[in-house]
Amino acid sequence: MSLFKNKNEVAIMVDGGYLPREVTIKAGKPATFTFTRVSDAGCVDEIIFNGEKRALPIGVPVSFDFMPEAGEHVWTCGMQMASGKYIAK
């Protein structure tokens, strides 16, 4: 994770799960989370992040831009079996 120019930028590798699985960011600062799926392991070909469901094709970075609100927020695969979370403080 980097906090350049007051922006939260987070890269998540998707390989049957999410790495890192938990991230702490600053609330109220624009954020970009980029998920990159590197294998066909597990059920992580889709993601539900902040209520939005998207496909995660292998090798194609998928980004979400948003303004994080304070609290703990969970993301999951499309089947809601694999999960991760971000904590905005």
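Only the coordinates and a few stated rules stand behind these numbers; no lab work does. From a predicted model like this one, the values you see are computed outputs, not experimental measurements. Note: ideal-geometry Cβ built from the backbone for every residue, glycine included; neighbour counts use all protein chains shown.
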- Message: I need the GluC sites (Glu not before Pro) found in the stretch 6-77, filtered to DSSP loop residues with at most 11 other beta carbons within 10 Å of theirs.
- Response: Glu69
- Counting only DSSP beta bridges fully inside the chain, the antiparallel percentage to nearest 5 is 60 percent
- Query: Which FRET efficiency, nearest 0.05, do Gln80 and Lys29 yield, Cβ-Cβ r, R0 41 Å?
  - Reply: 0.90
- Could you pull out every one of the aspartates and glutamates with an alpha carbon less than 18 Å from that of Lys26, ignoring same-chain neighbours closer than 8 positions? Glu9, Asp65, Glu69, Glu72
- Message: Testing the spin-label approximation: label points 7 Å from Cα along Cα→Cβ at Arg21 and Cys43. State their distance in nm.
- Response: 1.6 nm
- Query: Once phi is turned into θ = phi - 60°, what whole-Hz ³J(HN,Hα) does the Karplus curve with 6.51, -1.76 and 1.60 give for every residue of the stretch 45-54, x standing for Gly and Pro?
  - Reply: 7, 9, 9, 10, 10, 6, x, 9, 9, 9
- May I have the convex hull volume per residue, in Å³, for the Cα set of the chain? 77 Å³
